[in-house]
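Here the structure comes first, spelled out in structure tokens, and everything after it is commentary.
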Amino acid sequence: MYLKSLELSGFKSFAKKGVFDFTSDISGIVGPNGSGKSNVAESFRFALGEQSIKSLRGKRGEDLIFNGSKNIGRSNRASVKVTFDNKKRFLDIDFDEVVIERVVHRDGVNQYFINGSQVRLRDVAELLASANIGSSGHHIISQGQADRILNANIKERKEMIEDALGLKVFQYKKQESQRKLQKTEDNIAQVESLRKEIAPHIRFLKRQVEKVEKSIAMREELKGLSLDYLKRESEYINYNKKKIEEDRVAPEKELKELESKLQKAKEVLAKSDEADEKSEELINIEKGLADIRAKKDALVRELGRVEGQLAGEERRIEKEKEEQKVLENRTVSYSELDKVAQQVYSQLDDGDTKNDTEEIKGILRTVGSIVRDFMSTTFSGEKSVDVDYSELEKMKNEKTELDKKLEGVSEDESTYNKKYNTLKKEIETGKDDSREAEREVFSIMSRQSELRIVLSKLSSKEDEVSHAKDDFERELQEVAVLVGRAVLDYHKYDLNMNSEDIANEDRGMQEERRRKIEKIKIRLEEFGGGSGEDTMKEYKEATQRDEFLEREIVDLEKSAEALQDLIKDLEEKLSTQFKEGIEKINKEFQNFFSLMFGGGKANLSVIREKKKKKSDTDLSDIEGMPELEEEDGEEGIDISISLPNKKTQGLVMLSGGERALTSIALLFAMSQVNPPPFLVLDETDAALDEANSKRYGDMIESLSKYSQLILITHNRETMSRAGIIYGVTMGSDGVSKLLSVKFDEAVQVAK
């Protein structure tokens, strides 16, 4: 026996604590009408989790609490305890005795306890389902509900059969799996939504990272080119500075010595009695040439300075042209352009509905503002594209003026040289010793002229090297900003060439290297400054999050697939066990039905109800219109019977007694297939005559071998089969009281 006792306190008419000890296979509960004996059956349903107050003959939770009488005050709570013997572990819990208790308070709050620990209703339901027990199952048949299974629709009847077959536990698992599957699918949708949200940002970051990677590659390329360029330029400058200084020493020394000799020769010539007009002319020519050459040297130096500035200005303009070309070819992303286009389209669509000129003008102004804002936002960080040529023109004009002046000075020098050469010939042809001084002056001046030309060339070269040094220092600073301080160690860069070969290289090649460097610098400026570490870090974090979400989706999809497989397995198990159970129930149903009626046929069958397909307009009732097609509805159970010696077919044609016998036969058949631990039958034998009562009693004794029976009855035949009888009485105070007679013990005493 699994059911040990039932304890009621404050439940309906049981104001005081009442305990039923079920020590016999068959226990009877008897008493006059209105004594409260049917409350016992309802207390079982209440304790096991019944949620329908109406099925417990109440409207609110407080209707289940003793409401008081003239002698006893009302109770504030009602509790029912059901105690099970769990030594065989028919309940899936590791206790030898299990006490399930339910308490309801006047405010409608319900509490559930298992062995004194408060739990959820769901915990109670799952524990009982594992033992084929439920709050409203087939094993608790209240008064007037014996033929409930006959009156139920096919779907409800199927649920009762599933409950009787112990399939509730699979239903719970299936429902739980479906809830988990729905939650998993919701999570998949949320994760996919998150991936869709961050995808555009990742694409944007990827483009930025590609730019950063390109800029890194270009910086490396710029670093290599710059080290090569700077090393060559440094060697060129240092070599030429040193060489100019070396080449200047000898001419300057010789020129100084010649100046001293010339001075002495002039003094001799001036003091000579033989001085004549040719000597004066020679002296004047020498002075004129000296002045012209000084002026020419100044013009050459000034021209060198202007040419250096002009070259720098031309490089600046060339750089600005490159920047202008980059700006003109700047691309705008589709998403940026599409956003502006949608705004413009929206305004134009509004304009289609307007007739007022002012409103249309307002829309046009709005469109203009949208385009203007887009241009301002998109190109706000760009440099001006206007190239200033004014300084270049000024320098070119200055160079032209200097060229003209130098040309005039050169003509004057040429004129003096002609006179000088003529006088030279005249002096050379003179045989008189008095002309020796003139010839010496001429020789010195000729050599001085040669030396000054050499020094002038060295000065021009020096100016050229000086400009190259300025350009070198500026280039070094610009490159250091773009690629870092590593380029400051350019002097360590190995070219595998000696300084002389580097210095004598064609300058056009070095200029080509500089142009390559300038192009890369311009492209780097287009990509923007900074190392891009933040962008790379953000892209890495975003891609890692996307990869995590992708793995999350894979895991969730695997979980969903596993849940779908589990649901499929549960459905197959439910279907298989349900079909096998129906076959077993049909066998027992036929046996009990034949026993009750002395023959006949009874059968359960699985059917699907037919229902018409939904239509927007139902015209089937109109004459001549075709009826709507039918489609299969929900699956359920149909009962077909055939009484012996009668033409009665179907449940509708049965009398009240016949319905009672049929329902009892079916209930007993269900109990035989998957016997519950106990059965509570509340006056299910009320409609039976004496002959059928005896058959009913025989079936009761047969069922008691499989399930513990609690019978609420008025039938003497049924009472005679009970091992213990509890009498329920009610006095004038409206409180149900218990009396008990244990026939099993009495028989033992009598023996």
Q: Among what's in the stretch 542-559 and is open to solvent by 100 Å² or more (accessible area, probe 1.4 Å) and more than 10 Å from the chain's Cα centre (by Cα), pick the residue that is nearest to residue 211 (Cα to Cα).
A: 551
Q | Unique match (being touching a residue at least 40 places away in the same chain (Cβ under 8 Å), among the polar types (S, T, N, Q) and under 19 Å from residue 19 (Cα atoms)) among 729, 718 | A | 729
(Q) Against the condition crowded, with 17+ Cβ neighbours inside 10 Å and of a type outside the set (A, V, I, L, M, F, W, C), how does residue 201 come out, does it pass? (A) no
Q) Counting only residues that are open to solvent by less than 30 Å² (accessible area, probe 1.4 Å) and modelled with pLDDT under 60, how many does the stretch 614-651 have? A) 1
Q.
Every residue in the stretch 55-68 that is part of a loop (DSSP other than H, G, I, E, B), more than 12 Å from residue 39 (Cα to Cα) and open to solvent by 50 Å² or more (accessible area, probe 1.4 Å), please.
A. 59, 60, 67
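Within the group 129, 199, 164, 189, which residue is among the small types (Gly, Ala, Ser) and touching a His at 6+ places or on another chain (Cβ under 6 Å)?
Working: 129 fails: touching a His at 6+ places or on another chain (Cβ under 6 Å); 199 fails: touching a His at 6+ places or on another chain (Cβ under 6 Å); 189 fails: touching a His at 6+ places or on another chain (Cβ under 6 Å).
Among 129, 199, 164, 189, only 164 is among the small types (Gly, Ala, Ser) and touching a His at 6+ places or on another chain (Cβ under 6 Å).
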(Q) Being of a type in the set (D, E, K, R), at pLDDT 85 or above and in a helix (DSSP H, G or I) narrows it down to one residue among 435, 474; which is it? (A) 474
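Does residue 82 qualify as being assigned to a strand (DSSP E or B), open to solvent by less than 50 Å² (accessible area, probe 1.4 Å), without any contact (Cβ under 8 Å) to a residue 60 or more places away in the chain and under 22 Å from residue 114 (Cα atoms)?
Details: assigned to a strand (DSSP E or B): yes; open to solvent by less than 50 Å² (accessible area, probe 1.4 Å): yes; without any contact (Cβ under 8 Å) to a residue 60 or more places away in the chain: no; under 22 Å from residue 114 (Cα atoms): yes.
Judged against the criteria, residue 82 is not a match.
When you go through 258, 289 one by one, which is the residue that is surrounded by 15 or more Cβ atoms within 10 Å (Cβ to Cβ), aliphatic (A, V, I, L, M) and modelled with pLDDT of 80 or more? Walk me through it before giving the result.
Details: 289 fails: modelled with pLDDT of 80 or more.
Only one candidate passes the filter, namely 258.
Within the bounds of the stretch 29-41, is there any residue that is part of a strand (DSSP E or B) and at negative phi?
We begin by selecting, within the stretch 29-41, every residue part of a strand (DSSP E or B); these are 29-30.
After this cut, where a residue has to be at negative phi as well, the list is 29-30.
Taking every residue of the stretch 29-41 in turn, at least one turns out to be part of a strand (DSSP E or B) and at negative phi.
Out of everything in the stretch 1-30 that is basic (Lys, Arg) and surrounded by fewer than 22 Cβ atoms within 10 Å (Cβ to Cβ), what residue ends up being farthest from the chain's Cα centre (by Cα)? Reasoning before the result, please.
At the first step, the residues of the stretch 1-30 found to be basic (Lys, Arg) are 4, 12, 16-17.
Within this subset, residues satisfying the condition of being surrounded by fewer than 22 Cβ atoms within 10 Å (Cβ to Cβ) are 4, 16-17.
On the way: 4: 57, 16: 62, 17: 60 Å.
Within the stretch 1-30, the match that is farthest from the chain's Cα centre (by Cα) is 16.
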Q: Report, by residue number, each residue of the stretch 557-597 that is in contact with a helix residue (DSSP H, G or I) (Cβ under 6 Å, 6 or more places away or on another chain) and of a type in the set (Phe, Trp, Tyr).
A: 589, 592, 593
Q | Residue check, residue 543 assigned to a helix (DSSP H, G or I), modelled with pLDDT of 90 or more and among the β-branched types (Val, Ile, Thr) | A | yes
Q: Mind counting the residues in the stretch 154-186 that are open to solvent by 30 Å² or more (accessible area, probe 1.4 Å) and out of contact with any Gly (no Cβ under 7 Å at 6 or more places or on another chain)?
A: 18
Q.
Quick check on residue 174: is it over 24 Å from residue 84 (Cβ atoms), at pLDDT 80 or above and out of contact with any helix residue (DSSP H, G or I) (no Cβ under 6 Å at 6 or more places or on another chain)?
A. no
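Considering only the stretch 486-499, I want to know if a residue exists there that is open to solvent by less than 50 Å² (accessible area, probe 1.4 Å) and free of Cβ contacts under 8 Å to residues at least 12 places away in the same chain.
The first filter runs over the stretch 486-499 and keeps only residues open to solvent by less than 50 Å² (accessible area, probe 1.4 Å), leaving 486-487, 490, 495, 499.
Next cut, free of Cβ contacts under 8 Å to residues at least 12 places away in the same chain only: none.
For the stretch 486-499, residues open to solvent by less than 50 Å² (accessible area, probe 1.4 Å) and free of Cβ contacts under 8 Å to residues at least 12 places away in the same chain: absent.
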Q: With a cut-off of at least 3 residues that are under 20 Å from residue 3 (Cα atoms), name the strands (runs of 3 or more DSSP E) lying wholly within the stretch 627-744.
A: 678-682, 708-712, 724-730, 736-742
Q | Checking residue 236 against (1) at pLDDT 90 or above; (2) open to solvent by 40 Å² or more (accessible area, probe 1.4 Å), the condition it does not meet | A | (2)
Q. Only one residue in 461, 457, 469 is in a helix (DSSP H, G or I), open to solvent by 40 Å² or more (accessible area, probe 1.4 Å), basic (Lys, Arg) and modelled with pLDDT of 90 or more, so which one is that?
A. 469
Q | Count of residues meeting criterion [more than 21 Å from residue 729 (Cα to Cα) and crowded, with 22+ Cβ neighbours inside 10 Å] in the stretch 33-54 | A | 2
Q) Could you say which residue among 711, 667, 654, 679 is over 23 Å from residue 37 (Cβ atoms), open to solvent by less than 30 Å² (accessible area, probe 1.4 Å) and of a type outside the set (Ser, Thr, Tyr)? A) 654
Q) Which condition does residue 608 not pass, out of (1) open to solvent by 90 Å² or more (accessible area, probe 1.4 Å); (2) without any contact (Cβ under 8 Å) to a residue 40 or more places away in the chain; (3) assigned to a helix (DSSP H, G or I), if it passes all the others? A) (3)
(Q) If I filter the stretch 95-104 for residues that are aliphatic (A, V, I, L, M) and surrounded by fewer than 15 Cβ atoms within 10 Å (Cβ to Cβ), do I get at least one hit? (A) no
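The values are calculated or read from the model by the stated rules, or taken from the named source; none is laboratory data. Because the structure is predicted, anything quoted here is derived from the model rather than measured. Cβ atoms come from the backbone with ideal geometry, glycine included; neighbour counts cover every protein chain shown. Ligands, DNA and RNA are stripped out before the accessible areas are found, and what is left, the full protein with its side chains, is counted by its heavy atoms. Shrake-Rupley method; radii C 1.70, N 1.55, O 1.52, S 1.80 Å.
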